[in-house]
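In what follows, a structure is listed as structure tokens, so that the remarks can point back to it.
Every number here is computed from the coordinates shown, using simple stated rules; none is lab data. In this text, all values refer to a predicted model and were calculated from it rather than measured experimentally. Here Cβ is always computed from backbone atoms with ideal geometry, including for glycine, and neighbour counts include all displayed protein chains.
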Amino acid sequence: MPVSGLAAVDLFVSTLDALSDLDPTELGDGQLHRALMAVVDAAPVIEAASARLLDAWRRRNLWAEDGSRSAAARSARDAHCSRPTANRLVKRADDLHAMPVTSQAFGFGQINADHVDLLRAAAGSHRSVLFERDEAMLVEACQLLAYFEARQMIAYWISRADAELERDVAAPRYHDRHASWRPGLGGEIDIRATLDPVGGAEFTASWGQIEHELYLADQHSDVATRSLVQRRADALVEMARRASAHGSNAESRVLVTVVAGEHSLSRLCELSNGAVIAPGELVPHLDRIDVHTIVFDGPFTPIVASKQRTFTGALRRAIEVRDLHCQHPDGDRDPIGDCDIDHIIPRADGGETSLENGRLLSRHRNRNLRVRDLTAADVTVYDDDPTVVKARERLAALIAANGPPSVEAA
């Protein structure tokens, strides 16, 4: 029978009590994996129920019964959480009240809290009418796409929606840039900065390249290896040293690739790190932009196969623009700057250095043969599935009773 009201809450609490008694050490590998995924998949349903209850509680003004100043103040105190956390939960519940399709999908566990926050950002006050029109489409896309792809899709929708509303969002993100530093008690320097998307992409690309150089140097040194955060700090200092060595006349250039053809219909303006920007955000950088054009005729452009060993020049750039991120099916969507160009069919097996046989692959996978082509289908964490175990037991019993199956000669 359906459970409703407080009975449902009591059942939920008793289930949580049973779950808290679960000992992971008693689970096999497959059982542990499935248990974890089941709990993670259930989280959105719990968060959605919490949002609905919080919204109703707030709208009835129950939070004010004890004289609290706000719903966030009361919930933070009673739930023993921080005020920023309470503010975030109250704001999410309030926003979901005006997003019926999103709220329903959230309640059914079809999308998670990260998707909800993406959709809330898209449903900004000036886009509310357009969001109401397209909400069902955006929610469905979130259900079908990986999070990375859903984030890109919503960023593009925001860019198109702002263009449709003739709203210029480029200027604020550029003019809001700032950086500051202050000395610490021991003479250390604390640096804080917020950069516009284009300048930020240039900065992080250079920073990451120098950090990687320091990593490689550590691998060939007898000195104790630095941690990642230590290398990043040292990379900032190295950036300053190199800037001083090259003098003030050294100027970096921004490479803009204009894509024409089929692919131009699906992409507006995207940086090499995956950030989606409005074309107007390039305006402050026009005096140092180099333009490179690639024409696509369908998903793949026939480019004459090269006999060279590595992907370079226009061929490399065409693959980068086509793929934009690591193409491993179970990869982490690493951006261009963190990828190598990989031969899909290795050269040792006759693979050509061509557009069709090239792909972006994260350095982590491309330089580690053990995980280069490893996917979830290759992992055996499901081998202790009860159905599989019973099938093996039945097969073993049949073999024990009748002997192994014979193979007749053809």
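Karplus-based coupling profile of segment 350-359, in residue order and whole Hz: x, x, 8, 8, 9, 4, 5, 9, x, 7, with θ = phi - 60° in 6.51 cos²θ - 1.76 cosθ + 1.60 and x standing for Gly or Pro. Cβ-to-Cβ counts within 10 Å put 326, 269 in ascending order as 269, 326, the fewest first.
For a paramagnetic label modelled on residue 179 (point 7 Å from Cα along Cα→Cβ), amide N atoms under 13 Å away belong, within segment 186-205, to 191-196, 199-205. Residues 147, 174, ranked from the fewest to the most other C-beta atoms within 10 Å, line up as 147, 174. Seen through its C-alpha gyration tensor, with square-root eigenvalues sorted a ≥ b ≥ c, segment 111-244 comes out prolate because a/c lies at 1.5 or above while a/b is bigger than b/c. Using only the Cα atoms of segment 184-246, build the gyration tensor, take square roots of its eigenvalues as a ≥ b ≥ c, and label the shape rounded, prolate or oblate: rounded if a/c is under 1.5, else prolate if a/b is larger than b/c, else oblate. Verdict is oblate for segment 184-246. Does segment 41-168 come out rounded, prolate or oblate, given a ≥ b ≥ c as the square roots of the eigenvalues of its C-alpha gyration tensor, rounded meaning a/c under 1.5 and, failing that, prolate meaning a/b above b/c? It comes out prolate by the Cα gyration axes. Placing a pseudo-label 7 Å from each Cα along the Cα-to-Cβ vector at residue 233 and residue 165 gives an inter-label distance of 4.3 nm. Can you tell me the FRET efficiency between residue 314 and residue 288 if r is taken as the Cβ-Cβ distance and R0 is 25 Å, rounded to the nearest 0.05? So, using R0 = 25 Å, E works out to roughly 0.70. Taken along the Cα-to-beta-carbon direction at a fixed 7 Å, the label points for residue 189 and residue 402 span 7.9 nm. Residues in segment 117-128 carry Karplus couplings, in order, of 5, 4, 5, 4, 5, 5, 8, x, 3, 6, 9, 4 Hz; the curve used is 6.51 cos²θ - 1.76 cosθ + 1.60 with θ = phi - 60°, and Gly or Pro positions show x. By the count of neighbouring beta-carbon atoms within 10 Å, fewest first, 277, 191 end up ordered 191, 277. Rounded to the nearest 20 debye, the dipole size of segment 41-168 about its Cα centre is 580 debye, using +1 on the Cβ of Lys and Arg and -1 on the Cβ of Asp and Glu.
Got a sec? Charge dipole of segment 69-138, +1 on Cβ for Lys and Arg, -1 for Asp and Glu; which of 100, 121, 90 is way out at the positive end? Among 100, 121, 90, the one farthest towards the positive end of the dipole of segment 69-138 is 90.
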